[in-house]
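What follows is calculated from the coordinates using simple rules that are stated; it is not laboratory data. The structure displayed is predicted, hence computed values, not measured ones. Cβ: placed from backbone, ideal geometry, glycine included. Neighbour counts: every protein chain shown.
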Amino acid sequence: MGLFKLLVLILLIVAVMVLWRRFQAWQKTAGAEQKPALMVRCAHCKLNLPENQAVREGQHWFCSSEHRDAGPHD
Ligand SMILES: [Zn+2]
């Protein structure tokens, strides 16, 4: 009976370690997904769009390469 209890204890420790690692990996991906996309404004047409979809030219952001070529508009 003592050996059986030891086996159960070892399995329990391994299970906790596996779950803990999965939890840490899940926390990392969840944190990355929760990060909001930074919104920028096109310097030409004033359209708001996410930074990863915008085109950057110096200090200005543009919604498309066409508006980047057209330049800032005030
Ligand atoms: Zn634009």
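Here are a few things to note about the model shown:
- Candidates VAL14, VAL40, VAL55: whichever shows maximal mean-square fluctuation once the chain is modelled as a Gaussian network with Cα springs under 10 Å: VAL14
- On the basis of the beta-carbon distance and an R0 of 25 Å, GLU51 and TRP26 show a calculated FRET efficiency of 0.45.
- From its DSSP helices (H runs of at least four residues, each -39,500 (n - 2.57)), the chain gives a residue-normalised ellipticity at 222 nm of -18000 deg cm²/dmol.
- Trypsin sites (Lys or Arg not before Pro) restricted to region 1-56 and DSSP loop, no more than 13 other C-beta within 10 Å: LYS46
- Between the listed residues CYS63, LEU12, ASN48, the Cα displaced farthest toward the positive end of the dipole of the chain, a dipole computed from Cβ unit charges relative to the Cα centre, is found at LEU12.
- Debye-sum result for the chain in log10 I(q)/I(0), which assumes one identical scatterer on each alpha carbon, at q = 0.12 Å⁻¹: -0.54
- Computed about its Cα centre, the charge dipole of the chain is approximately 600 debye, with only Lys, Arg, Asp and Glu carrying charge at their Cβ.
- Amide H to amide H, with H built 1.01 Å from N, TRP61 comes under 5 Å of ALA43, counting only residues 5 or more places away or on other chains.
- Estimated inter-spin distance, LEU9 and GLN59, nm [label 7 Å along Cα→Cβ]: 6.7 nm
- Annotation for MET17 and GLU66: the two label points, set 7 Å from Cα along the Cα-Cβ direction, are 5.9 nm apart.
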